Amino acid sequence: MVEIDKIGIVGAGQMGAGIAQVCAVAGIHIVLSDVSEERIEAGIATLGGNLKRLVERKQLDEATRVAAIDRIKPARDYDDFADCDLIIEAAAESEEVKREIFAALCPALRPDCMLATNTSSISITRLASVTDRPEKFIGIHFMNPVPRMQLVEIIRGIATEDATFEAAKKFVARLGKTATVSEDFPAFIVNRILLPMINEAIYTLYEGVGTVEAIDTAMRLGANHPMGPLQLADFIGLDTVLSVMQVLHEGLADSKYRPCPLLVKYVEAGWLGRKTQRGFYDYRSGTPVPTR
């Protein structure tokens, strides 16, 4: 079994930066990659700010913060992953993008380097098939936001070896998180249940059953959810919500997973939620205002 002491992360966005943060705090060295130096710098700045806030709240000591930041290095290209024990892909939720990344990545890696994807919905077996090491490929799906969420889904592809599976479980435990194991079905466990609920909330809005505010208030106070489903959709990103629903609809061929037309319309408009400042809420004033 490979000892995981250095990992490469492809994608320095919200998920990639969060994964880098928890791994660095756990004593693992990180090489962080993205499509540009600016995006890598932004990801490191984001996680640096998160660590600083943890120190201010006395949830982390200053020495640990400094050591964690020192363990994170930017990658100029995939050749900087040559001595990594594990690579985690945390790019956009697009099968085409992920397949291109893995095909380009493999020639730069050691033969014993493991590969993982943070996909929230796409087949692990299909992604593994474009690599030169499907037996060393596995799904390690972190929840968002990574530093706060306790759960990590582990998903084996059809070719994943036992040694890869055991190494992934050991890695998740080292991060102080809890692993749950899912079979390789569309959207796995959490999103198979959560995303259709969000999609149904959007249908409820689309059909005029309730307003954005009414739906979110109903689920916060009536079901004791920490945030309403439309607020959560904005947090996840409406493009990601749509991608997962499309994977469910196409993969399971069941009309109950059909993405709501209103969700499609918001994505087509570029209203993707918090990251674009508009979704089911408008965030541009600093105070979220329902858009319907």
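Things worth noting here:
- Candidates ASP282, ASP254, ASP83, ranked by Gaussian network fluctuation over the chain, Cα under 10 Å, top entry: ASP254
- Label zone (THR64, point 7 Å along Cα-to-C-beta; backbone nitrogen cut-off 14 Å) within segment 168-184: 175-177.
- Mean sequence separation of contacting Cα pairs (under 8 Å, at least six apart), scaled by the length of the chain, corresponds to a relative contact order of 13 percent.
- Under 29 Å of direct C-alpha separation, and excluding same-chain neighbours fewer than eight residues apart, LYS136 reaches these lysines: LYS6, LYS73, LYS98, LYS169, LYS170, LYS177.
- Against the empirical curve 2.2 N^0.38 Å, the C-alpha radius of gyration of segment 6-182 lands at a ratio of 0.96.
- Rough spin-label spacing in nm, given labels placed 7 Å along Cα→Cβ, for ASP112 and SER94: 3.6 nm
- If the segment from GLU200 to TYR283 were pulled out straight at 0.36 nm per residue, it would be longer than the present Cα-Cα gap by 27.6 nm.
- Sequence-ordered 3J(HN,Hα) estimates for segment 103-118 from the Karplus curve with 6.51, -1.76 and 1.60 and θ = phi - 60° stand at 5, 6, 6, 3, x, 8, 9, 5, x, 8, 6, 7, 10, 9, 10, 9 Hz, glycine and proline given as x.
- Computed E for VAL209/GLU183 - FRET, C-beta separation, R0 25 angstrom, nearest 0.05: 0.15
- FRET efficiency, 1/(1 + (r/R0)^6) with R0 30 Å, evaluated for ALA45 and ASP254 via beta carbons: 0.10
- According to the calculation over all Cα-Cα pairs in segment 233-292, the P(r) per 10 Å bin from zero is 25, 47, 22, 6, 0 %.
- When the Cα positions of VAL66, LEU54, HIS29 are compared along the charge dipole of the chain, LEU54 comes out farthest toward the positive end, with charges on each C-beta of Lys, Arg, Asp and Glu.
- When the helices of the chain are scored as -39500 (n - 2.57) per DSSP H run of n ≥ 4 and the total is divided over every residue, the value at 222 nm lands at -13500 deg cm²/dmol.
- Two-site label geometry, VAL2 and LYS73: point separation in nm, points 7 Å out along Cα→Cβ: 1.7 nm
Here, each number is a calculation from the coordinates, and none is a lab measurement. Here the structure is a predicted model, which is why all the values come from computation and not from measurement. We place every Cβ from the backbone using ideal geometry, glycine too, and count neighbours over all the protein chains shown.
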